[in-house]
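Each remark here refers to the structure printed beneath this line.
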Amino acid sequence: MATQSAATSDFYRNLGRMYGTYTGSFIAFIILLAILEQVGVPNRILGYLFVGFTIIVYAVIGVMTRTAQVSEYYVAGRRVPAFYNGMATGADWMSAASFVGMAGTLFLLGYDGLTWVLGWTGGYVLVAILIGPYLRKFGAYTVPDFMAFRFGGNFARMVAVIVLVCCSFTYVTAQVYGTGLIASRFLGMSFEVAVFAGLAGILLCSMLGGMRAVTWTQIAQYIVLIIAYLTPIVILSTKHYGIPIPQLTYGTAIAEITAREGQMLAAGLTTAAALKPHISPFINYTPFNFFAIMLCMMVGTASLPHILMRYFTTPSVREARQSVAWSLLFIFLLYFSAPAYAAFSKLEVYTNIIGRDLTQVRPWLFTWGELGLIQICGKNAANIDTIVAACKAIAGHPGVVRLQDFVINTDVIVLSTPEIAGLPYVISGLVAAGGLAAALSTADGLLLAIANALSHDVYYKMIDPNAPTIRRLTVARVLLFVVAVCAAYLASTKPGDILAMVGWAFSLAMAGNFPALVMGVWWKRTTAAGAVAGMIAGFGLCIFYLVTTRYFPGAGVAYFGMSSLANPATGAPLVNLATAMAAPNAMESWVTIAHPLANKVGWFGLNNIACGLLGMPLGFAVIYVVSLMTPEPSKEMQAYVDEIRKPRGRTVLEEKT
Amino acid sequence: MAQDNTEAHWTATRNLMLKHLGAWLFFGYIIHFFVVPLNAIKIPILNFPLGFYMGAQGSLIAFVVMLFLFAKQQDRIDRDHGFAEDE
């Protein structure tokens, strides 16, 4: 026993050297591949080497940190230092949507895209001041653990598990989908095969070692993803402006974009209706939806179980707080760079594509046009002849590319930047490895959250409290595998837009968890009945709004008084309700996204991504009213709440291991 | 006495929470209500319109600084009331 603990403390003391060596080796690996590229090794092979090598490293870490101890499996033994936990949280947090999608969203939406940037950072303030450290002191393994203890047992636990599974499963499906997208694009696998290949990587990291393994791989993944994200724009910024800090130089790019927007209007390359000036707010979202989405993302952050459970792993409450600050710093590094990607790409498109003669557009876009990700004049921009023919077919086309002729898939922005900057393929491979690291690390965290809730809360706490350790961990691993396969199956059916799916997950978490978590810590008078009623009411309303506006919009209008959302630029309704409701398909159920009413109706003009804004206030109100109507919690429970509020002393919940 | 200390600790904690919540409201929301007039101001040298800059970087920096500050301040409160953990 003594030797074992000596070995462990050695492990923690050497963390800096280990990850330092790892980072150095990774950079050496990039340089090695760059040399291989120069001597003529084909791109396809380089792509495989990049992705294959990084996945093998994660798997090796995963296997090396396997464990058979319950507390190691669920909370990494509560020994992860604040700094490293911050890095792991960064990787846990930043998903394929952040890595690949964020810059593209900012490219398309301009200022309005910042609602996501702000929403996905500001939430950490709420984590630190309202919830995280208190849950750490409480000493739970999972979020439902806390709900069950504070709110009178297994009914509250069950409700919390349902909320957790709904939001995490929506989210993990989006991640597995992202993994498949990147693997298929860079390795040329079919999408369905790529999804299951990505899944194998995810399972290798998390199955044997649970939280412990996921923590140490996520740190490795963070290092890969941040190097991959920053390298292309640092080089681009140095080339264009002579300063290797893109976050400062893109201000000039924005000024150039604004000037160019004016020129394009004057030259007839765009119309006032088609042009969305980059810095003008509230063109894509109404101000109400802009702030509603931001609030939902922030509060959702503080309610997502896979994030909260990362703070269960620190050695102390003090370190839990510091760890939230480190997390946000590491996340910030990526998010304050995303607008730079968007600005540089937009400047390139506006100066070197829009207004160019069709025969002289930059060749980089044909690589993506072939894949159907860039269209000019309504046709995939595969080569010059195709786009010339496509534009000739449009009456009165001037022969130069106009803004309205050009359509780009948002995923291309980050992925194409290395080519725009004229960098060698090795940098593109690096970006692919980074995107994969982002998707894998988030999927790991989410799968673990779901599997832990099912194995610890449902199986151990509710079905078989006497289960021996070995059986508990076996159940956890089997469930992890089953959930992963379900997610991969659902992802392989391509259910929808990644950003919207992720947004829904946040709103669901916010409506279901946030009021009960906050009131449970901050108001001693909160009773079990109040909390459970509030969770059900808030979550129920949110899911009702989401499902009705997405799948039963006709019924929403006919029976629930919903009306059309407004066009943010003009304020006019998005759909003419009278016409749409008279159409024969108006009352259809489980409609597809193409249905004229789907996602376009609602109450107060509220976008369904922000459905948490309806659920959360209702949750708070119900908890307050019902708590006052039911008898005060026992003296004992109130004393426990006092205990949670003081960092000193033992955790409230003591798990036998 | 012990009860008084518990209450004093919690009052201090709550006040700190409210202060940071206020700062969060300001940097998360209130300042962005004024994005249009703020965009008329250009940050010298960097060329950013101020309203855009606050959304893209300014508020983010504020959040990061707030969190490190909060960890420090809350730890001070815990120490002052004897509720801090042993190092």
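General observations
- For region A:304-313, 3J(HN,Hα) per residue [Karplus equation, 6.51 cos²θ - 1.76 cosθ + 1.60, θ = phi - 60°, Hz, x = Gly/Pro]: 7, x, 5, 7, 4, 5, 5, 7, 6, 8
- Placing +1 on the Cβ of every Lys and Arg and -1 on the Cβ of every Asp and Glu, with no other charges, gives region A:229-372 a dipole of roughly 260 debye about its Cα centre.
- Across region A:503-657 the C-alpha pair distances fall into 5 Å bins from zero in the proportions 2, 10, 15, 15, 13, 11, 10, 7, 6, 5, 4, 2, 1, 0 percent.
- Taking the average, over residues, of other Cβ atoms within 10 Å as the packing measure, peptides A:249-262, A:580-593 rank A:249-262, A:580-593 from highest down.
- Ranking A:S564, A:V299, A:Y459 by Cα position along the charge dipole of chain A, where only Lys, Arg, Asp and Glu carry charges on their C-beta atoms, puts A:Y459 farthest toward the positive end.
- Selection of trypsin sites (Lys or Arg not before Pro), region A:598-657, meeting DSSP coil and at most 11 other Cβ within 10 Å: A:R650, A:K656
- Dipole of chain A, positive direction: furthest Cα of A:L187, A:H595, A:G503, with charges on the beta-carbon: A:G503
- Charge tally in the Cβ shell below 13 Å around A:P232, where Lys, Arg are +1 and Asp, Glu are -1, A:P232 excluded: -1
- Here region A:511-554 and region B:5-53 have alpha carbon centers that stand 28 Å from each other.
- Per-residue average of Cβ from other chains inside 10 Å of A:641-650: 4
- Amide H partners (placed H, <5 Å) of A:V601, local residues excluded: A:L565
- Region A:444-532 shape via C-alpha gyration tensor axes, a/c threshold 1.5: oblate
- Based on DSSP H segments of at least four residues, each scored -39500 (n - 2.57), the protein assembly as shown has a per-residue ellipticity at 222 nm of -22000 deg cm²/dmol.
- Residues with amide H under 5 Å from that of A:A140, placed H, sequence gap 5 or more: none
- Neighbours of A:A449 by Cβ distance under 14 Å: Lys/Arg scored +1, Asp/Glu scored -1, total -3.
- Derived scalar couplings between HN and Hα for region A:568-580 equal x, 6, 9, x, 6, x, 5, 10, 7, 4, 4, 5, 5 Hz in order, rounded to whole Hz, by the Karplus curve 6.51 cos²θ - 1.76 cosθ + 1.60 (θ = phi - 60°), x for Gly and Pro.
- FRET efficiency for the A:I27 to B:A2 pair, using the beta carbon distance and R₀ = 35 Å, is estimated at 0.05.
- HN-Hα J in Hz across region A:616-621 - Karplus 6.51, -1.76, 1.60, θ = phi - 60°, x for Gly and Pro: 5, x, 4, x, 4, 4
- With the simple model of a label 7 Å out from the Cα in the direction of the Cβ, A:M587 to B:I41 spans 5.7 nm.
- Inter-label distance for A:V60 and A:F560, nm, one decimal - labels placed 7 Å from Cα along Cα-to-Cβ: 5.3 nm
- When you filter the chymotrypsin sites (Phe, Trp or Tyr not before Pro) in region A:178-243 for DSSP loop state and at most 10 other Cβ atoms inside 10 Å of their Cβ, nothing is left.
- Net length available on complete extension from A:Y48 to A:D357 is 107.5 nm, with 0.36 nm assigned per residue and the Cα-Cα distance removed.
- Rounded if a/c under 1.5, otherwise prolate or oblate - chain B, Cα gyration tensor axes: prolate
- Least to most buried among A:K524, A:K137 (fewest other Cβ within 10 Å first): A:K524, A:K137
- Under a model in which nothing but the beta-carbon of Lys, Arg (+1) and Asp, Glu (-1) is charged, chain A shows a dipole of about 1220 debye around its Cα centre.
- Charge dipole of chain A about the Cα centre (unit charges at C-beta), most positive-ward option of A:I283, A:T474, A:V412: A:T474
- Footprinting exposure proxy ranking of B:M54, A:M462, fewest other C-beta atoms within 10 angstrom first, gives A:M462, B:M54.
- Note on region A:178-203 and region A:62-108: Cα centroid distance 20 Å, given to the nearest whole angstrom.
- Inter-chain Cβ neighbour count for A:312-323, averaged per residue, equals 3 (cutoff 10 Å, partner chain atoms only).
- Chain B: most fluctuating residue of B:N47, B:N15, B:N39 per GNM, C-alpha cutoff 10 Å: B:N47
- Globularity ratio of region A:486-557, using Cα Rg and 2.2 N^0.38 Å: 1.40
- Shape category assigned to chain A from the gyration tensor of Cα positions, a/c cut at 1.5: oblate
Throughout, read-outs are computed from the coordinates displayed, never taken from laboratory work. On a predicted model such as this, the values are computed, not experimentally measured, just so you know. Ideal geometry is used to build each Cβ from the backbone, glycine not excepted, and the neighbour counts take in all protein chains shown.
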